Amino acid sequence: MKIPIELKHKPVIVSEDYDLIDGRKAYKSDAKGLSLGLAQWNDRGKVEISAKIWRHTGEKWSRQSEEMPLHRALDLAILICQSKIYFKNLYYKNNNEYPSFPRIARIPLQGGAMNVSVCMDNEHIVDDVKLFDDCLHQDDEIIGERLRRLAELLKELEY
């Protein structure tokens, strides 16, 4: 499906037919494309690049399509990687240890830090941690493939 070009987000680089490779939702996803382009919130003289996930209801482009600055997309990748590390290491710790130590990591960024923590305000955190862990294991092949591709690209970019 072709990504619309008449809307406020102006696609420059696109990945159409994303629904065919959208993880477990492949072939039945409403996420029809990804794009990098000029952000819809641009003001005159101030242009930003954004990433967008294009959703389609089957009849029209959805208002649930998401646009975000590139640094946020990268922050999500960092959060995913840090979460994978946490759950990988969880097996080497006492399962009851995490509630006493909710902070997982403090990742330095821009002179500050991204704090990554277990959400202790969630009243179902013990069950939800288990469900999250189960989902990570269930999707390990899908996520792992993407992380390997990301690692290859970062190496090619000399990071």
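For the reader, a short list of remarks on this structure follows.
- Taking packing as the residue-averaged number of other Cβ atoms within 10 angstrom, the listed peptides 78-85, 59-66, 32-39 run from highest to lowest as 32-39, 78-85, 59-66.
- Helix-only [θ]222 nm of the chain, DSSP H runs n ≥ 4, -39500 (n - 2.57) each, per residue, nearest 500: -11000 deg cm²/dmol
- For the chain, the residue among Trp54, Cys81, Val118 whose Cα projects farthest onto the positive side of the dipole built from Cβ charges is Trp54.
- Modelled spin labels at Ala105 and Glu59, positioned 7 Å past Cα toward Cβ, are 4.4 nm from each other.
- Seen from a random direction on average, the alpha-carbon convex hull of the stretch 71-156 projects onto 6.8 square nanometres.
- The chain: Cα Rg divided by the 2.2 N^0.38 Å rule of thumb: 1.22
- Of the peptides 69-77, 47-55, the order by per-residue mean of other Cβ atoms within 10 Å, starting with the highest, comes out as 47-55, 69-77.
- Computed over the stretch 71-156, relative contact order equals 19 percent, with contacts defined as Cα pairs under 8 Å that lie 6+ residues apart.
- FRET efficiency, Gln82 to Leu20 (Cβ-Cβ, R0 25 Å, nearest 0.05): 0.30
Since every read-out is calculated from the coordinates, none of them should be taken as a lab result. Please read all numbers here as calculations on a predicted model, not as lab measurements. Every residue, glycine among them, receives a Cβ derived from its backbone with ideal geometry; neighbour counts consider all protein chains shown.
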